[in-house]
Amino acid sequence: MSSSFTHFLSPTLLPLSSSSSTLSSLPTHQNCSPLLQKPSATLTSSAPFQNPTSEILSKHSWVETLRSQARSGLLMEAISTYISMLMAGVVADNFVFPAILKVAAGLYDLNFGKQIHTQVFKLGYGSNSTTVDNTLVNMYGKCGDIGDARKVFDKMSERDQVSWNSIISVLCRHEEWEDALEAFWVMQEENVEPSSFTLVSIVSVCGNLGVVDGLRLGKQVHGYSLRKGDVRTFIVNSLMAMYAKLGNVDYAKSLLYTFEDRDLVTWNTMISSFSQNDRFIEALKFLKFMVQKGVRPDGVTIASVLPACSHLELLDLGKEIHAYVIRNEILSDNTFVTSALVDMYSNCKEVTSGRLIFDNTQVRNIAIWNAMLAGYALNGRFEDALKLFIEMLEVAGVSPNPTTMASVLPSCVHSQEFLDKFMVL
């Protein structure tokens with residue numbers, strides 16, 4: 001490994017764990033729900049005698065069923081399968097535990113995951129199976145318990161590439177950027193080579209370090225991936241997003257031009273980068289370029305190009321995009337597209353059309369309310385804005401945020417008579 005890459009991270013960054021390097025025992029699970037208590041009793045009893053070959057085949061069948069259900073998103077069914085397996089006298093092992101822990105992670109069910117961890121510990125797999133521990137780290141991270149993820153990782157007797165990728169990913173998910181970099185540095189000190197997935201995580205870290213440090217480290221990661229010949233699409237996409245986030249949109253654009261294996265994410269990354277940096281004409285040009293290449297826009301694409309139509313007041317193009325959204329049923333549960341459409345119509349002086357979209361939206365998050373409130377304020381319909389604000393508070397029970405207040409306050413200034421009437425009521 002190139003020394004210039006191996007040592008570019010400073011060892012003076014925050015330590016991986018906030019406590020000492022040797023952490024205390026596994027997390028306690030006294031508050032676990034009784035879901036697995038009955039099956040777990042089976043684990044401590046003697047299983048009936050079985051032919052060893054048939055037992056192996058039986059366990060293999062259980063594991064494959066669990067994995068298949070997890071891959072298909074049948075997570076509750078996978079839990080039922082796991083309980084049935086235990087009731088049948090099949091003891092969980094280092095093949096079964098990773099499968100069921102992935103189910104717990106997929107459900108974001110920390111309580112269930114802790115129950116499985118308790119069984120792992122009772123059966124002697126705690127800190128003795130790297131595969132099981134890796135899955136535990138991932139499960140705790142996905143379920144929001146970064147503390148227990150750290151504890152499991154710190155107690156591991158052996159750590160492989162997946163171990164480091166797991167903890168770095170968890171730290172990134174919780175925006176512990178400096179700790180993620182520290183883990184990356186220690187990983188290399190222990191002579192574990194970064195994988196493509198490591199690089200993607202570290203690229204996301206670079207995007208959150210600020211322009212100077214982020215670009216410096218990001219370019220070194222970029223150079224390392226080039227030297228390794230690792231220029232897979234998902235790495236290039238992450239690099240483009242990083243460069244754009246740090247304000248270097250042209251560098252991101254040059255990556256797209258020189259890269260042939262573009263996917264939908266590649267195009268969306270570039271188009272959203274243009275929109276976020278107020279380069280709206282280029283965003284629309286790349287939409288056209290994308291369609292010419294035979295790539296169909298999705299909800300992310302639409303939510304990225306509608307702001308361009310809004311700021312440039314291109315109502316006809318906005319309507320054309322809206323028609324595409326309807327034909328392809330993109331609006332369904334896509335709050336980003338909905339709020340972008342409301343904003344586009346309002347900015348193009350078609351606030352009534354924006355209200356129609358608002359009224360036909362079943363699930364409204366704060367972004368949709370804010371878009372409609374801003375639309376009314378922008379078009380001078382201040383009383384309508386205040387009426388909608390009252391509806392938002394009293395009927396929908398949605399709490400305002402600073403963006404909400406920025407739209408409502410001008411309406412208050414221009415609608416004193418309405419406010420006086422409202423206060424009397």
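The values are calculated or read from the model by the stated rules, or taken from the named source; none is laboratory data. Keep in mind that what you see is a predicted model, and the values were worked out from it rather than measured. As a convention, Cβ positions derive from the backbone with ideal geometry for all residues, glycine included, and neighbour counts pool all protein chains shown.
Looking at (1) assigned to a loop (DSSP other than H, G, I, E, B); (2) touching a residue at least 24 places away in the same chain (Cβ under 8 Å), find the lone condition where Asn191 falls short.
Failed condition: (2).
Can you tell me which condition Gly144 does not meet? The list is (1) closer than 18 Å to Ser166 by Cα; (2) in a loop (DSSP other than H, G, I, E, B); (3) in contact with a Ser or Thr (Cβ under 7 Å, 6 or more places away or on another chain); (4) not β-branched (Val, Ile, Thr), and all the others hold.
(3)
Residues that are part of a helix (DSSP H, G or I), within 22 Å of Ala303 (Cβ to Cβ) and either of a type in the set (S, T, N, Q) or modelled with pLDDT under 90 (or both): does the range 370-381 have at least one?
Within the range 370-381 (the criterion being part of a helix (DSSP H, G or I), within 22 Å of Ala303 (Cβ to Cβ) and either of a type in the set (S, T, N, Q) or modelled with pLDDT under 90 (or both)), the answer is yes, since at least one residue qualifies.
Considering only residues that are under 19 Å from Val249 (Cα atoms) and touching a residue at least 24 places away in the same chain (Cβ under 8 Å), which ones fall in the range 287-302?
Listed by number, the residues that qualify are Val300, Thr301.
Return the total of residues in the range 302-337 being farther than 22 Å from Thr269 by Cβ and polar (S, T, N, Q).
Adding up the residues that qualify gives 1.
Mind telling me which of the residues Leu317, Leu356, Leu287 ends up being under 30 Å from Val413 (Cα atoms) and in a helix (DSSP H, G or I)?
After applying the criteria, what remains is Leu356.
Within the range 164-204, how many residues are β-branched (Val, Ile, Thr), farther than 15 Å from Leu217 by Cβ and under 15 Å from the mean Cα position of the chain (by Cα)?
The total comes to 1.
Can you confirm whether Met139 is crowded, with 20+ Cβ neighbours inside 10 Å and closer than 19 Å to Ala105 by Cβ?
Criteria met by Met139.
Just to be sure I understand the filter: pairs with C-beta atoms under 7 Å, separated by 6 or more residues or on different chains, first member in the range 116-139 and assigned to a loop (DSSP other than H, G, I, E, B), second member among the aromatic types (Phe, Trp, Tyr). Which pairs pass?
Pairs found: Tyr125/Phe97.
From the list Val170, Val162, which one is surrounded by 20 or more Cβ atoms within 10 Å (Cβ to Cβ) and either among the acidic types (Asp, Glu) or modelled with pLDDT of 95 or more (or both)?
Val170
Among the residues of the range 115-133, are any of a type in the set (Ser, Thr, Tyr) and modelled with pLDDT of 95 or more? Even if it seems obvious, please write down each step before you answer.
Going through the range 115-133, the residues of a type in the set (Ser, Thr, Tyr) turn out to be 118, 125, 127, 129-131.
Imposing the further condition that a residue be modelled with pLDDT of 95 or more reduces the set to none.
The answer is no; no qualifying residue exists.
Would you please name the residue that is nearest to Glu260 (Cα to Cα), looking only at residues in the range 201-231 that are in a loop (DSSP other than H, G, I, E, B) and touching a helix residue (DSSP H, G or I) at 6+ places or on another chain (Cβ under 6 Å)?
It comes out as Asp230.
Listed here are the residues, each with its yes/no results for (1) in a helix (DSSP H, G or I); (2) on the phi > 0 side of the Ramachandran plot.
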site	(1), (2)
Ser238	yes, no
Ala241	yes, no
Gly247	no, yes
Asp250	yes, no
Lys253	yes, no
Arg262	no, no
Asn268	yes, no
Ser273	yes, no
Ile281	yes, no
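What do you reckon, is Asp213 touching a His at 6+ places or on another chain (Cβ under 8 Å) and of a type outside the set (Ser, Thr, Tyr)?
no
Given Ser310, Ser407, which one is modelled with pLDDT under 90, among the hydroxyl-bearing types (Ser, Thr, Tyr) and either surrounded by 14 or more Cβ atoms within 10 Å (Cβ to Cβ) or part of a helix (DSSP H, G or I) (or both)?
Every option except Ser407 fails the conditions.
Scan the range 240-249 and give yes if some residue there is surrounded by fewer than 17 Cβ atoms within 10 Å (Cβ to Cβ) and of a type in the set (D, E, K, R), otherwise no.
Kept after step one, since they are surrounded by fewer than 17 Cβ atoms within 10 Å (Cβ to Cβ), are these residues of the range 240-249: 247.
This time we only want the ones that are of a type in the set (D, E, K, R), so: none.
No, there is no match, as no residue in the range 240-249 is surrounded by fewer than 17 Cβ atoms within 10 Å (Cβ to Cβ) and of a type in the set (D, E, K, R).
Please verify whether Asp179 is surrounded by fewer than 20 Cβ atoms within 10 Å (Cβ to Cβ), touching a Pro at 6+ places or on another chain (Cβ under 9 Å) and at pLDDT 95 or above, treating the condition exactly as stated.
Spelling it out, it is not the case that Asp179 is surrounded by fewer than 20 Cβ atoms within 10 Å (Cβ to Cβ), touching a Pro at 6+ places or on another chain (Cβ under 9 Å) and at pLDDT 95 or above.
Looking at Ala78, Ala99, Ala105, which one is crowded, with 24+ Cβ neighbours inside 10 Å, at pLDDT 90 or above and not in a loop (DSSP other than H, G, I, E, B)? Show your work before the answer.
On the way: Ala99 fails: crowded, with 24+ Cβ neighbours inside 10 Å; Ala105 fails: crowded, with 24+ Cβ neighbours inside 10 Å.
On inspection, the qualifying residue turns out to be Ala78.
Just one of the numbered conditions (1) within 20 Å of Gly113 (Cβ to Cβ); (2) touching an Asp or Glu at 6+ places or on another chain (Cβ under 6 Å) is not true of Ser196; which one?
(1)
Does the range 318-365 hold any residues that are under 16 Å from Ala385 (Cα atoms) and either surrounded by fewer than 18 Cβ atoms within 10 Å (Cβ to Cβ) or touching a residue at least 60 places away in the same chain (Cβ under 8 Å) (or both), and which are they?
Of everything in the range 318-365, those that are under 16 Å from Ala385 (Cα atoms) and either surrounded by fewer than 18 Cβ atoms within 10 Å (Cβ to Cβ) or touching a residue at least 60 places away in the same chain (Cβ under 8 Å) (or both) turn out to be Lys349, Glu350, Thr352, Leu356, Asp359.
Residue check, Thr258 against (1) of a type outside the set (Lys, Arg); (2) within 25 Å of the chain's Cα centre (by Cα); (3) under 25 Å from Leu226 (Cβ atoms), all met but one. Which one?
In the conditions (1) of a type outside the set (Lys, Arg); (2) within 25 Å of the chain's Cα centre (by Cα); (3) under 25 Å from Leu226 (Cβ atoms), Thr258 misses (2) alone.
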